[in-house]
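Quick notes on the structure that follows.
The values are calculated or read from the model by the stated rules, or taken from the named source; none is laboratory data. Just so it is clear, the model here is predicted, and its values are computed rather than measured. Using ideal geometry, Cβ is built from the backbone for each residue, glycine included, and neighbour counts are taken over all protein chains shown. Ligands, DNA and RNA are stripped out before the accessible areas are found, and what is left, the full protein with its side chains, is counted by its heavy atoms. Shrake-Rupley method; radii C 1.70, N 1.55, O 1.52, S 1.80 Å.
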Amino acid sequence: MVQVAILGFGTVGSGVAEVLTQNRAVLAEKAGEEIRLKYILDTREFPGSPFEAQLTHNFEDILNDPEVKVVAECIGGATIALEFVKKLLAAGKHVATSNKEMVATHGHELLELAKAHNVNFFFEASVGGGIPLLRPLACDLAGNQITEVTGILNGTTNYILSEMLDKGAAFDTALQEAQAMGYAERNPAADVEGLDACRKVCILSALAFGFHVYPDLCPTQGIAAITGDDVAAAASAGMKVKLLGRTLKTAEGKVCAFVAPHFVPASSQLYHVDGVFNGVVIRGNAIGEAMFYGPGAGKLPTASAVVGDMVDAVWHLSQRRRLDWADAQPDQMADPWELPLPYVVRTTASLAEVEAALGQAKALDGNGYLLAAPTTRRAIEQSGLALLAVRPVFQ
(Lines give C-alpha, C1' and ligand atoms only; values in the text may rest on other atoms or scores of the structure.)
Protein backbone atom coordinates (compact mmCIF):
# COMPACT_ATOMS: atom_id res chain seq x y z
CA MET A 1 0.00 0.00 0.00
CA VAL A 2 1.22 3.50 -0.89
CA GLN A 3 0.06 6.46 1.20
CA VAL A 4 -0.58 9.73 -0.66
CA ALA A 5 -1.66 13.28 0.16
CA ILE A 6 -3.32 16.21 -1.56
CA LEU A 7 -2.43 19.88 -1.08
CA GLY A 8 -5.53 22.00 -1.63
CA PHE A 9 -9.17 20.93 -1.66
CA GLY A 10 -10.54 23.26 -4.30
CA THR A 11 -11.86 22.25 -7.70
CA VAL A 12 -8.90 20.13 -8.78
CA GLY A 13 -7.95 18.84 -5.32
CA SER A 14 -11.47 17.63 -4.57
CA GLY A 15 -11.56 16.02 -8.01
CA VAL A 16 -8.32 14.15 -7.26
CA ALA A 17 -9.83 12.91 -4.00
CA GLU A 18 -12.93 11.70 -5.85
CA VAL A 19 -10.96 9.88 -8.53
CA LEU A 20 -8.68 8.22 -5.97
CA THR A 21 -11.73 7.04 -4.03
CA GLN A 22 -14.16 6.09 -6.80
CA ASN A 23 -11.51 4.31 -8.87
CA ARG A 24 -9.70 2.74 -5.92
CA ALA A 25 -9.94 -0.81 -7.24
CA VAL A 26 -8.86 -0.08 -10.80
CA LEU A 27 -6.03 2.15 -9.57
CA ALA A 28 -4.76 -0.62 -7.30
CA GLU A 29 -4.80 -3.01 -10.25
CA LYS A 30 -2.97 -0.58 -12.52
CA ALA A 31 -0.48 0.61 -9.90
CA GLY A 32 0.20 -2.88 -8.59
CA GLU A 33 -0.73 -1.94 -5.05
CA GLU A 34 -3.37 0.01 -3.17
CA ILE A 35 -3.14 3.81 -3.22
CA ARG A 36 -4.53 5.20 0.04
CA LEU A 37 -5.36 8.86 0.60
CA LYS A 38 -4.05 9.76 4.05
CA TYR A 39 -4.10 13.58 4.15
CA ILE A 40 -5.79 16.53 2.49
CA LEU A 41 -4.28 19.91 3.36
CA ASP A 42 -6.50 22.99 3.35
CA THR A 43 -7.02 26.05 5.53
CA ARG A 44 -10.81 25.63 5.45
CA GLU A 45 -13.17 23.30 7.25
CA PHE A 46 -15.39 20.90 5.28
CA PRO A 47 -18.02 19.65 7.72
CA GLY A 48 -19.96 16.70 6.37
CA SER A 49 -17.47 15.99 3.60
CA PRO A 50 -16.70 12.30 3.04
CA PHE A 51 -13.04 13.32 3.25
CA GLU A 52 -13.33 15.15 6.56
CA ALA A 53 -11.25 12.51 8.36
CA GLN A 54 -8.31 13.10 6.01
CA LEU A 55 -8.34 16.88 6.46
CA THR A 56 -5.36 18.61 8.07
CA HIS A 57 -4.42 22.27 8.41
CA ASN A 58 -0.77 21.51 9.11
CA PHE A 59 1.61 20.99 6.18
CA GLU A 60 4.16 19.48 8.54
CA ASP A 61 1.86 16.48 9.03
CA ILE A 62 2.45 15.56 5.39
CA LEU A 63 6.07 16.66 5.14
CA ASN A 64 7.19 14.71 8.22
CA ASP A 65 5.16 11.53 7.66
CA PRO A 66 7.53 8.91 6.23
CA GLU A 67 4.56 6.82 5.06
CA VAL A 68 3.48 9.52 2.57
CA LYS A 69 5.38 8.84 -0.63
CA VAL A 70 3.42 10.79 -3.27
CA VAL A 71 1.77 14.23 -3.00
CA ALA A 72 -0.60 15.98 -5.41
CA GLU A 73 -0.14 19.77 -5.37
CA CYS A 74 -3.49 21.42 -6.21
CA ILE A 75 -3.14 24.79 -4.50
CA GLY A 76 -2.11 26.79 -7.55
CA GLY A 77 0.06 29.86 -7.93
CA ALA A 78 3.79 30.14 -7.40
CA THR A 79 4.08 31.31 -3.80
CA ILE A 80 3.04 28.95 -1.00
CA ALA A 81 2.62 26.09 -3.48
CA LEU A 82 6.21 26.56 -4.64
CA GLU A 83 7.48 26.63 -1.07
CA PHE A 84 5.64 23.41 -0.22
CA VAL A 85 6.75 21.58 -3.38
CA LYS A 86 10.40 22.45 -2.78
CA LYS A 87 10.20 21.08 0.74
CA LEU A 88 8.45 17.91 -0.41
CA LEU A 89 11.01 17.16 -3.13
CA ALA A 90 13.88 17.85 -0.73
CA ALA A 91 12.27 15.43 1.73
CA GLY A 92 12.29 12.68 -0.89
CA LYS A 93 8.60 12.73 -1.80
CA HIS A 94 7.29 12.49 -5.36
CA VAL A 95 5.06 15.36 -6.50
CA ALA A 96 2.35 15.62 -9.16
CA THR A 97 0.86 19.01 -9.98
CA SER A 98 -1.59 20.78 -12.28
CA ASN A 99 0.03 24.14 -11.51
CA LYS A 100 0.93 25.70 -14.88
CA GLU A 101 2.17 28.97 -13.37
CA MET A 102 4.63 27.16 -11.11
CA VAL A 103 5.92 24.87 -13.85
CA ALA A 104 6.23 27.69 -16.40
CA THR A 105 8.22 29.91 -14.04
CA HIS A 106 10.09 27.37 -11.90
CA GLY A 107 10.02 24.09 -13.85
CA HIS A 108 13.75 23.87 -14.46
CA GLU A 109 14.53 24.60 -10.82
CA LEU A 110 12.05 22.01 -9.55
CA LEU A 111 13.21 19.30 -11.95
CA GLU A 112 16.80 19.89 -10.84
CA LEU A 113 15.70 19.59 -7.21
CA ALA A 114 13.83 16.38 -7.97
CA LYS A 115 16.90 14.98 -9.72
CA ALA A 116 19.12 15.86 -6.74
CA HIS A 117 16.85 13.88 -4.40
CA ASN A 118 16.10 11.00 -6.82
CA VAL A 119 12.36 11.67 -6.91
CA ASN A 120 9.88 12.57 -9.64
CA PHE A 121 8.17 15.86 -10.38
CA PHE A 122 5.25 15.28 -12.75
CA PHE A 123 2.95 17.90 -14.31
CA GLU A 124 0.87 16.29 -17.07
CA ALA A 125 -2.24 18.20 -15.92
CA SER A 126 -0.57 21.61 -16.27
CA VAL A 127 -1.28 21.73 -20.03
CA GLY A 128 -4.39 20.45 -21.71
CA GLY A 129 -6.29 19.39 -18.58
CA GLY A 130 -7.34 15.80 -19.14
CA ILE A 131 -5.71 15.47 -22.57
CA PRO A 132 -2.69 13.12 -22.54
CA LEU A 133 -0.20 15.51 -24.11
CA LEU A 134 3.04 16.17 -22.23
CA ARG A 135 4.04 12.55 -21.73
CA PRO A 136 3.49 11.73 -25.42
CA LEU A 137 5.48 14.83 -26.39
CA ALA A 138 8.36 13.97 -24.05
CA CYS A 139 8.38 10.20 -24.48
CA ASP A 140 6.29 8.79 -27.33
CA LEU A 141 7.52 11.38 -29.83
CA ALA A 142 11.13 11.29 -28.64
CA GLY A 143 12.15 9.78 -31.96
CA ASN A 144 11.23 13.02 -33.72
CA GLN A 145 12.95 16.28 -34.26
CA ILE A 146 10.04 18.49 -33.22
CA THR A 147 9.56 21.45 -35.51
CA GLU A 148 6.40 23.02 -34.08
CA VAL A 149 3.79 22.74 -31.34
CA THR A 150 0.70 24.89 -31.80
CA GLY A 151 -2.54 24.76 -29.91
CA ILE A 152 -5.79 26.15 -28.68
CA LEU A 153 -4.72 26.04 -25.05
CA ASN A 154 -7.43 27.96 -23.23
CA GLY A 155 -11.04 26.82 -23.25
CA THR A 156 -12.42 30.12 -21.97
CA THR A 157 -11.08 32.18 -24.86
CA ASN A 158 -12.06 29.49 -27.35
CA TYR A 159 -15.63 29.53 -26.01
CA ILE A 160 -15.80 33.33 -26.28
CA LEU A 161 -14.51 33.33 -29.87
CA SER A 162 -16.92 30.50 -30.79
CA GLU A 163 -19.83 32.54 -29.42
CA MET A 164 -18.72 35.59 -31.39
CA LEU A 165 -18.72 33.52 -34.58
CA ASP A 166 -21.79 31.35 -34.04
CA LYS A 167 -24.08 33.93 -32.43
CA GLY A 168 -22.59 37.20 -33.57
CA ALA A 169 -22.06 38.13 -29.92
CA ALA A 170 -19.87 41.07 -28.96
CA PHE A 171 -16.76 40.27 -26.94
CA ASP A 172 -18.17 41.69 -23.70
CA THR A 173 -21.43 39.75 -24.10
CA ALA A 174 -19.63 36.48 -24.82
CA LEU A 175 -17.35 37.03 -21.82
CA GLN A 176 -20.31 37.63 -19.51
CA GLU A 177 -21.94 34.44 -20.78
CA ALA A 178 -18.71 32.51 -20.19
CA GLN A 179 -18.64 33.82 -16.62
CA ALA A 180 -22.30 32.87 -16.09
CA MET A 181 -21.56 29.35 -17.38
CA GLY A 182 -18.59 29.01 -15.02
CA TYR A 183 -16.05 28.89 -17.85
CA ALA A 184 -14.48 32.25 -16.98
CA GLU A 185 -13.42 33.58 -13.58
CA ARG A 186 -14.83 36.80 -12.13
CA ASN A 187 -11.43 38.28 -12.97
CA PRO A 188 -10.80 36.76 -16.42
CA ALA A 189 -7.49 38.53 -17.09
CA ALA A 190 -5.32 35.39 -17.12
CA ASP A 191 -7.55 33.91 -19.83
CA VAL A 192 -8.51 36.81 -22.07
CA GLU A 193 -5.08 38.48 -21.92
CA GLY A 194 -3.42 35.22 -22.97
CA LEU A 195 -1.38 34.68 -19.77
CA ASP A 196 -2.75 31.18 -19.21
CA ALA A 197 -1.90 30.16 -22.77
CA CYS A 198 1.54 31.76 -22.44
CA ARG A 199 2.41 29.60 -19.43
CA LYS A 200 1.34 26.49 -21.29
CA VAL A 201 3.41 27.45 -24.34
CA CYS A 202 6.45 27.82 -22.08
CA ILE A 203 6.02 24.26 -20.81
CA LEU A 204 5.46 22.86 -24.30
CA SER A 205 8.55 24.73 -25.54
CA ALA A 206 10.74 23.24 -22.83
CA LEU A 207 9.61 19.70 -23.61
CA ALA A 208 9.82 20.17 -27.37
CA PHE A 209 13.15 21.97 -27.59
CA GLY A 210 15.02 21.13 -24.41
CA PHE A 211 15.45 24.43 -22.60
CA HIS A 212 13.31 26.57 -20.33
CA VAL A 213 11.33 29.33 -22.00
CA TYR A 214 10.24 31.75 -19.30
CA PRO A 215 6.99 33.69 -19.78
CA ASP A 216 8.81 36.97 -20.38
CA LEU A 217 10.45 35.34 -23.43
CA CYS A 218 7.05 34.54 -24.95
CA PRO A 219 5.34 37.66 -26.42
CA THR A 220 1.64 37.42 -25.68
CA GLN A 221 -1.52 38.98 -27.06
CA GLY A 222 -4.99 38.11 -25.81
CA ILE A 223 -8.44 38.40 -27.35
CA ALA A 224 -9.85 41.56 -25.73
CA ALA A 225 -9.27 43.54 -28.94
CA ILE A 226 -11.06 41.02 -31.18
CA THR A 227 -14.11 42.58 -32.82
CA GLY A 228 -16.97 41.48 -35.02
CA ASP A 229 -15.00 42.80 -37.99
CA ASP A 230 -12.19 40.31 -37.22
CA VAL A 231 -14.74 37.50 -37.12
CA ALA A 232 -16.34 38.69 -40.36
CA ALA A 233 -13.00 39.00 -42.14
CA ALA A 234 -12.06 35.49 -41.09
CA ALA A 235 -15.41 34.03 -42.12
CA SER A 236 -15.24 35.67 -45.56
CA ALA A 237 -11.92 33.89 -46.10
CA GLY A 238 -13.29 30.52 -44.90
CA MET A 239 -11.46 30.83 -41.57
CA LYS A 240 -12.13 31.23 -37.84
CA VAL A 241 -10.44 33.41 -35.24
CA LYS A 242 -8.63 31.31 -32.62
CA LEU A 243 -6.22 32.23 -29.86
CA LEU A 244 -3.17 30.08 -30.56
CA GLY A 245 -0.09 29.42 -28.50
CA ARG A 246 2.82 28.50 -30.75
CA THR A 247 6.41 27.36 -30.33
CA LEU A 248 8.47 26.46 -33.36
CA LYS A 249 11.93 26.16 -34.82
CA THR A 250 12.85 28.85 -37.31
CA ALA A 251 14.82 28.24 -40.50
CA GLU A 252 17.89 29.45 -38.58
CA GLY A 253 17.34 26.83 -35.86
CA LYS A 254 16.16 29.21 -33.15
CA VAL A 255 13.02 28.80 -31.06
CA CYS A 256 10.15 31.22 -31.50
CA ALA A 257 7.35 31.12 -28.89
CA PHE A 258 4.34 33.42 -28.82
CA VAL A 259 0.60 33.70 -28.18
CA ALA A 260 -1.70 35.66 -30.49
CA PRO A 261 -5.14 35.54 -32.13
CA HIS A 262 -4.81 33.80 -35.49
CA PHE A 263 -6.99 33.25 -38.52
CA VAL A 264 -7.28 29.46 -38.86
CA PRO A 265 -8.35 27.98 -42.23
CA ALA A 266 -10.87 25.15 -42.59
CA SER A 267 -8.08 22.89 -43.85
CA SER A 268 -6.53 22.88 -40.34
CA GLN A 269 -7.70 20.44 -37.69
CA LEU A 270 -7.69 23.33 -35.21
CA TYR A 271 -10.49 25.00 -37.19
CA HIS A 272 -12.89 22.37 -35.85
CA VAL A 273 -11.96 22.80 -32.16
CA ASP A 274 -14.82 24.87 -30.75
CA GLY A 275 -16.36 25.77 -27.40
CA VAL A 276 -14.38 25.00 -24.27
CA PHE A 277 -12.29 22.26 -25.88
CA ASN A 278 -8.54 22.36 -26.47
CA GLY A 279 -6.62 21.09 -29.45
CA VAL A 280 -2.87 20.82 -29.99
CA VAL A 281 -0.97 20.04 -33.18
CA ILE A 282 2.56 18.64 -32.92
CA ARG A 283 4.76 18.53 -36.00
CA GLY A 284 7.88 16.38 -36.24
CA ASN A 285 10.20 15.19 -38.96
CA ALA A 286 9.19 11.54 -38.50
CA ILE A 287 5.52 11.64 -37.54
CA GLY A 288 4.52 14.56 -39.74
CA GLU A 289 1.57 16.00 -37.84
CA ALA A 290 -0.27 14.63 -34.79
CA MET A 291 -3.38 16.15 -33.21
CA PHE A 292 -4.40 15.98 -29.53
CA TYR A 293 -7.97 16.98 -28.66
CA GLY A 294 -10.18 16.96 -25.59
CA PRO A 295 -11.33 18.80 -22.46
CA GLY A 296 -8.62 21.26 -21.53
CA ALA A 297 -9.93 21.99 -18.06
CA GLY A 298 -12.61 20.91 -15.61
CA LYS A 299 -12.62 19.20 -12.25
CA LEU A 300 -12.52 15.53 -13.21
CA PRO A 301 -10.62 15.75 -16.53
CA THR A 302 -7.78 17.63 -14.79
CA ALA A 303 -7.95 15.31 -11.79
CA SER A 304 -7.65 12.37 -14.17
CA ALA A 305 -4.30 13.67 -15.38
CA VAL A 306 -3.06 14.36 -11.83
CA VAL A 307 -4.00 10.86 -10.68
CA GLY A 308 -2.32 9.40 -13.76
CA ASP A 309 0.89 11.12 -12.66
CA MET A 310 0.42 9.76 -9.14
CA VAL A 311 0.16 6.23 -10.52
CA ASP A 312 3.33 6.83 -12.55
CA ALA A 313 5.04 7.98 -9.36
CA VAL A 314 3.96 4.77 -7.62
CA TRP A 315 5.48 2.78 -10.46
CA HIS A 316 8.75 4.69 -9.96
CA LEU A 317 8.99 5.05 -6.19
CA SER A 318 12.59 3.88 -6.10
CA GLN A 319 13.80 5.42 -9.34
CA ARG A 320 13.54 8.66 -11.25
CA ARG A 321 12.02 8.92 -14.69
CA ARG A 322 14.19 10.87 -17.11
CA LEU A 323 12.44 14.21 -17.45
CA ASP A 324 14.38 17.46 -17.48
CA TRP A 325 15.52 20.35 -19.61
CA ALA A 326 18.25 22.99 -19.59
CA ASP A 327 17.81 26.47 -18.16
CA ALA A 328 16.82 29.40 -20.37
CA GLN A 329 18.85 30.19 -23.48
CA PRO A 330 17.72 33.67 -24.53
CA ASP A 331 20.29 33.79 -27.34
CA GLN A 332 18.49 30.83 -28.94
CA MET A 333 15.15 32.66 -29.01
CA ALA A 334 13.83 34.45 -32.08
CA ASP A 335 11.54 37.48 -32.18
CA PRO A 336 8.13 36.30 -33.45
CA TRP A 337 7.44 39.68 -35.01
CA GLU A 338 10.43 39.07 -37.31
CA LEU A 339 9.12 35.63 -38.36
CA PRO A 340 7.77 35.50 -41.95
CA LEU A 341 4.16 34.29 -41.77
CA PRO A 342 0.95 34.60 -43.79
CA TYR A 343 -1.03 37.58 -42.48
CA VAL A 344 -4.39 39.27 -42.68
CA VAL A 345 -4.33 43.00 -42.08
CA ARG A 346 -7.36 45.11 -41.28
CA THR A 347 -6.94 48.69 -42.35
CA THR A 348 -8.82 51.73 -43.58
CA ALA A 349 -6.52 51.78 -46.61
CA SER A 350 -7.70 50.68 -50.05
CA LEU A 351 -6.67 47.46 -51.78
CA ALA A 352 -4.39 49.45 -54.07
CA GLU A 353 -2.67 51.08 -51.08
CA VAL A 354 -2.26 47.72 -49.32
CA GLU A 355 -0.73 46.14 -52.42
CA ALA A 356 1.58 49.10 -52.95
CA ALA A 357 2.89 48.69 -49.40
CA LEU A 358 2.81 44.92 -48.88
CA GLY A 359 2.35 43.20 -52.23
CA GLN A 360 -0.55 41.27 -53.72
CA ALA A 361 -3.58 40.87 -51.44
CA LYS A 362 -7.19 39.71 -51.44
CA ALA A 363 -9.94 41.93 -50.03
CA LEU A 364 -12.06 40.44 -47.22
CA ASP A 365 -15.02 41.64 -45.18
CA GLY A 366 -14.41 43.88 -42.18
CA ASN A 367 -11.76 46.02 -43.93
CA GLY A 368 -9.53 42.95 -44.10
CA TYR A 369 -6.88 41.97 -46.64
CA LEU A 370 -5.26 38.54 -46.96
CA LEU A 371 -1.65 39.01 -48.04
CA ALA A 372 -0.55 36.66 -50.81
CA ALA A 373 3.02 36.23 -49.59
CA PRO A 374 4.39 35.66 -46.07
CA THR A 375 5.84 38.73 -44.42
CA THR A 376 6.76 39.84 -40.91
CA ARG A 377 4.65 41.71 -38.44
CA ARG A 378 7.46 44.22 -38.15
CA ALA A 379 7.27 44.97 -41.87
CA ILE A 380 3.51 45.37 -41.68
CA GLU A 381 3.77 47.79 -38.75
CA GLN A 382 6.41 49.81 -40.62
CA SER A 383 4.39 49.90 -43.86
CA GLY A 384 2.77 53.25 -43.11
CA LEU A 385 -0.76 51.84 -43.45
CA ALA A 386 -3.46 52.93 -41.01
CA LEU A 387 -3.78 49.56 -39.29
CA LEU A 388 -6.85 48.36 -37.42
CA ALA A 389 -5.53 44.87 -36.69
CA VAL A 390 -2.76 42.48 -37.74
CA ARG A 391 -3.61 38.76 -37.54
CA PRO A 392 -1.27 35.90 -38.48
CA VAL A 393 -2.74 32.99 -40.42
CA PHE A 394 -1.99 29.46 -39.19
CA GLN A 395 -0.88 27.00 -41.84
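Residues that are surrounded by 15 or more Cβ atoms within 10 Å (Cβ to Cβ) and either farther than 18 Å from Lys299 by Cα or out of contact with any strand residue (DSSP E or B) (no Cβ under 6 Å at 6 or more places or on another chain) (or both) within region 1-16 comprise Val2, Gln3, Val4, Gly8, Thr11, Val12, Ser14, Gly15, listed in sequence order.
Counting only residues that are assigned to a helix (DSSP H, G or I) and either without any contact (Cβ under 8 Å) to a residue 24 or more places away in the chain or over 22 Å from Ala372 (Cα atoms) (or both), region 271-287 holds 1 of them.
Please specify each residue of region 346-395 satisfying the condition of being of a type in the set (Lys, Arg) and out of contact with any Pro (no Cβ under 7 Å at 6 or more places or on another chain).
First, pick out the residues of region 346-395 that are of a type in the set (Lys, Arg): 346, 362, 377-378, 391.
If the condition is that a residue be of a type in the set (Lys, Arg) and out of contact with any Pro (no Cβ under 7 Å at 6 or more places or on another chain), then Arg346, Lys362, Arg377, Arg378 are the ones that fit.
From the list Ala303, Ala290, Ala260, the one residue that fits, being in contact with a Pro (Cβ under 9 Å, 6 or more places away or on another chain), buried (at least 18 other Cβ atoms within 10 Å of the Cβ), touching a residue at least 24 places away in the same chain (Cβ under 8 Å) and not in a loop (DSSP other than H, G, I, E, B), is Ala260. Of the helices (runs of 4 or more DSSP H) entirely within region 166-245, none holds at least 3 residues that are under 30 Å from Gln332 (Cα atoms) and open to solvent by 60 Å² or more (accessible area, probe 1.4 Å). Just checking, does region 309-319 include any residue being closer than 19 Å to Ala208 by Cβ, open to solvent by less than 50 Å² (accessible area, probe 1.4 Å), under 24 Å from the mean Cα position of the chain (by Cα) and of a type outside the set (S, T, N, Q)? No: zero hits. Any chance region 141-152 includes a residue that's polar (S, T, N, Q), on the phi < 0 side of the Ramachandran plot and modelled with pLDDT under 95? No, region 141-152 has no match at all. Restrict the check to region 34-42 and report whether at least one residue is in contact with a Gly (Cβ under 6 Å, 6 or more places away or on another chain) and closer than 17 Å to Ala305 by Cβ. No, region 34-42 contains no residue that is in contact with a Gly (Cβ under 6 Å, 6 or more places away or on another chain) and closer than 17 Å to Ala305 by Cβ. Looking across region 1-55, the residues that are under 29 Å from the mean Cα position of the chain (by Cα) and part of a strand (DSSP E or B) come down to Val4, Ala5, Ile6, Leu7, Ile35, Leu37, Tyr39, Ile40, Leu41.
If we keep just the residues of region 263-287 that are open to solvent by 40 Å² or more (accessible area, probe 1.4 Å) and closer than 19 Å to Met239 by Cβ, which is nearest to the chain's Cα centre (by Cα)? That would be Phe277. Residue by residue through region 149-178, note down the ones that are closer than 15 Å to Gly298 by Cα and touching a Ser or Thr at 6+ places or on another chain (Cβ under 9 Å). Correct list: Ala178 only.
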